[in-house]
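The values are calculated or read from the model by the stated rules, or taken from the named source; none is laboratory data. Only a predicted model underlies this, so the values are computations on that prediction, with no experimental measurement involved. Note that each Cβ is placed from the backbone with ideal geometry, even for glycine, and that neighbours are counted across all protein chains shown. Calculation scope for accessible area: heavy atoms of the full protein, side chains included, ligands and nucleic acids excluded. Shrake-Rupley method; radii C 1.70, N 1.55, O 1.52, S 1.80 Å.
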Amino acid sequence: MPATPMTPFVASFFACLLAASAEAAPRPDSQVVAIASLEFDGPLPGAARTALLERLAEGLKTGDLTLRGDARAARDKACGDSTCYRELARKLGVSYLVVGKVSENQKNYDIELELITGATGRSSGNHRQRCQICGLSEAAERMSLAASALTEKLKMLMREPGRLMVRARPNNTVVTVDGVLKGRVPQEVNLPAGRHKLALEAPGFRVVEREVEIVPSIDQAMEIDMMAIPSEFPYRTAGWVAVATGAALVAAGVVTMVAFHGNEVGCKEADLDPDGDCPKLYKNGWLGAGLLAAGAAAGTAGGFWLYLGSRQGDANTAATSMHLGLQGRF
């Protein structure tokens, strides 16, 4: 069905549809649909258009579907793209949208209905009916038949599984779906329609639990960045202690080499040489160099621990990153 741009009165129709959608919650075990639009091409009076729209709603209901909202609030122009359909389905809280077009020319009726999956905003099936030299009552009956055929397509669609591709970092993450271990990522699983519980586990990382809504015949991709479990080691405290210790060792090494190395050792008067100097000198350059090296090592270790401590703080406040994408199968 060719796409038609939205008309200026779309906002008012949205308001009507949203108000109608709040009337009653659908049964949780039934598929929820809404009539998004029904276009008319030809000199059909308003009463005939209303009658055809009502027969469309009746035909959908006989297929054991939950029809959200008042069918009379449907727009007379279809959305122009899949984004519009996805947004409309989200606002109405429905899984599927029905769009239609009725063309009439000298009592010849062409009826076309299309089923739009709300998750993707794309077509999942259509049905056409033609009625030649028909009155309005016959055309309305054909509309009911077209609606019933569309619901059968939806029932067949619901029996097809959805496919979920799970990717995660690190790559040794294992996936469990509804309590059944599936294996390491990347993991592709086929699941029946409905909500399913996923759990992802990796050594050294927090367990991630998510619920995902599986849509029939729709491929979904989930990507998750696991969050590491923070270490119990007090990196910041140890870092500051190591930095302070390193500074003290460096200072001791400098003093040892500058203030003592090469200076005379105190000795008795009897041990002085003819010039009155003590022949013994401090030879502790190796000690000063060792203190300097130890101080540098302690300071380096302290800086590294402080860095790890800052990363640990970020990890405590960071949320697990997850991306979910949808793609229809055609």
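The condition (being modelled with pLDDT under 90, of a type outside the set (A, V, I, L, M, F, W, C) and more than 25 Å from residue 120 (Cα to Cα)) is satisfied by just one residue among 206, 236: 236.
If you scan segment 130-162, which residues turn out to be open to solvent by 70 Å² or more (accessible area, probe 1.4 Å) and assigned to a strand (DSSP E or B)? Even if it seems obvious, please write down each step before you answer.
Within segment 130-162, the first condition is being open to solvent by 70 Å² or more (accessible area, probe 1.4 Å), and the residues that meet it are 130, 132-133, 137-138, 141-142, 145, 152-153, 155-156, 159-160.
Of everything in segment 130-162, just one residue is open to solvent by 70 Å² or more (accessible area, probe 1.4 Å) and assigned to a strand (DSSP E or B), namely 130.
What is the residue count in segment 184-196 for residues that are surrounded by 12 or more Cβ atoms within 10 Å (Cβ to Cβ), of a type outside the set (Val, Ile, Thr) and assigned to a strand (DSSP E or B)? Give the steps one after another, and end with the answer.
Of the residues in segment 184-196, the ones surrounded by 12 or more Cβ atoms within 10 Å (Cβ to Cβ) are 184-189, 191-194, 196.
From the residues that got through so far, the ones that are of a type outside the set (Val, Ile, Thr) too are 184, 186-188, 191-194, 196.
Next, from what is left, pick out any that are assigned to a strand (DSSP E or B): 184, 187-188, 191, 194, 196.
Within segment 184-196, residues that are surrounded by 12 or more Cβ atoms within 10 Å (Cβ to Cβ), of a type outside the set (Val, Ile, Thr) and assigned to a strand (DSSP E or B) number 6.
Can residue 170 be described as open to solvent by 10 Å² or more (accessible area, probe 1.4 Å) and out of contact with any Gly (no Cβ under 9 Å at 6 or more places or on another chain)? So residue 170 fails the test.
Could you say whether any residue in segment 14-33 is modelled with pLDDT of 90 or more and exposed (fewer than 14 other Cβ atoms within 10 Å of the Cβ)? Looking for residues that are modelled with pLDDT of 90 or more and exposed (fewer than 14 other Cβ atoms within 10 Å of the Cβ), one finds none in segment 14-33, hence no. Taking the condition of being in contact with a Lys or Arg (Cβ under 9 Å, 6 or more places away or on another chain), assigned to a strand (DSSP E or B), farther than 11 Å from residue 150 by Cβ and open to solvent by less than 10 Å² (accessible area, probe 1.4 Å), how many residues in segment 85-115 meet it? Total meeting the criteria: 1.
Residues that are within 28 Å of residue 31 (Cβ to Cβ), touching a residue at least 60 places away in the same chain (Cβ under 8 Å) and in contact with a Lys or Arg (Cβ under 9 Å, 6 or more places away or on another chain) occur at least once in segment 196-212.
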